[in-house]
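Bear in mind these aren't lab numbers, they're just calculated from the coordinates by the rules spelled out. On a predicted model such as this, the values are computed, not experimentally measured, just so you know. When we count neighbours, we look across all protein chains shown, and the Cβ atoms used for this are built from the backbone with ideal geometry, even at glycine.
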């Protein structure tokens, strides 16, 4: 059982290494490959949406990794590579989109969701029904008679 847990832990720790499905995808220059990986970690897989293109096994992520590596090999800067992908896919392709006028709603959405949820809870709490008045003596006597039978 311990061996199985250890094997699973090792597999999960190495999972991002399996994202490059073909070892030929890696650039021959280790510095360029490291740059391509660093850029890829900043870019969202448009299929998986919560993974970077480096961590995703989706076909589109593989294509985006290939594009990043082509541009890095062509001598483009990190900014130029990211700008090219943003121009094509929009700021959504970035895992951390910049704070701009066009992305204010994106950045504000968590706070808006909490505010709307809190407002709904407050309205529901204020509009809760009042507790029923206590039973009168006659009602208590009638209830006892009904329960005794």
Using a 10 Å cut-off on Cβ atoms, rank the peptides 127-136, 93-102 from the highest mean neighbour count down.
-> 93-102, 127-136
Label point distance in nm, residue 135-residue 26, each placed 7 Å from Cα along Cα→Cβ = 7.8 nm
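Calculate, in nm to one decimal, what residue 125 and residue 103 gain on full extension: separation in residues at 0.36 nm each, minus their alpha carbon distance.
Numbers: separation 22, 0.36 × 22 = 7.92 nm, distance 3.34 nm.
My answer for the length gained is 4.6 nm.
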Rounded Å value of the spacing that divides the Cα centres of region 59-92 and region 111-149 = 59 Å
Calculate the radius of gyration of the Cα atoms of region 100-149 to one decimal place, then report Dmax, the largest Cα-Cα distance, as a whole number, both in Å.
-> 24.2, 73
Packing-wise, with mean Cβ within 10 Å as the measure, how do 54-61, 71-78 rank, highest first?
-> 54-61, 71-78
